[in-house]
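J.: What follows is a structure written as structure tokens; I'll ask about it next.
The values are calculated or read from the model by the stated rules, or taken from the named source; none is laboratory data. Please read these numbers as outputs of a predicted model, since none were measured by experiment. Heads up, the Cβs are rebuilt from the backbone with ideal geometry, glycines too, and the neighbour counts pull from every protein chain shown. Surface areas here come from the heavy atoms of the whole protein model, side chains and all, with no ligands, DNA or RNA. Shrake-Rupley method; radii C 1.70, N 1.55, O 1.52, S 1.80 Å.
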Amino acid sequence: MTATLRAVFHISAFSWYAFVVNYLAAKDGEELPAGIFVYGGPWKYLTFLNLLLQMTFFGLAAVNDLQPGEKAKTALNRWKDLLFSVFAFPVGMFVVLLFWTIFAYDRELVYPATIDTFFPPWINHAMHTIVLPVVLGEMLVQPHTYPQMKHALAALLVVGLAYLSWIVWVYLTVGIWVYPLLRHFSAAGLLGFFFFNMTVVTLLYLLGDWINSHVWRKDKAK
């Protein structure tokens, strides 16, 4: 892909995520179903945090595209690759796969039907579907440098524990679980569910590393 088309892709993706994030943030304060935005607003939902993550990555990628000279050796490029490989790809894939798996089983556990009155179907797909083809598209537009696996997995674990602590704090503060599914778990069950999710995210990180190596193998051989 030419540098111009790559820049167009990154700018388009950034603009899309900025639009969706702004749309959701504007809902904070409106009369929504009880408990949706109480305490922490949209900031307690992994879906919203993932949108911010994707927006940040594509913003950095767009800025990096516009840099003159050799981009591959810059600090910005290294941070961009780190953000994508360790977080944007595995977390983005995880949000899509976990959401639609639970939704197919019982949507009330993750996205109650009452929400449809306030959020049109397109915003649901903006949050939980479009992320998948966009991150896969990013895999095709340019190669990414992956860090050492132990460093990547340590970073994922730290971030995962931070998010778990955040949702537990919300529950202890206002008595509401971020997702209805979580109320069905005991403390041990919650930890088990967390480590299951971290295992899935780890596998998705490894999948991203494999896809990156497979797609760009010929390019590296030159």
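J.: Specify which of the listed residues (185, 196) is in contact with a helix residue (DSSP H, G or I) (Cβ under 9 Å, 6 or more places away or on another chain) and without any contact (Cβ under 8 Å) to a residue 12 or more places away in the chain.
T.: When all the criteria are applied, what remains is 185.
J.: Another one. Is it the case that region 185-204 has a residue that's open to solvent by 20 Å² or more (accessible area, probe 1.4 Å), farther than 18 Å from residue 110 by Cβ, part of a helix (DSSP H, G or I) and among the aromatic types (Phe, Trp, Tyr)?
T.: Yes, region 185-204 has at least one match.
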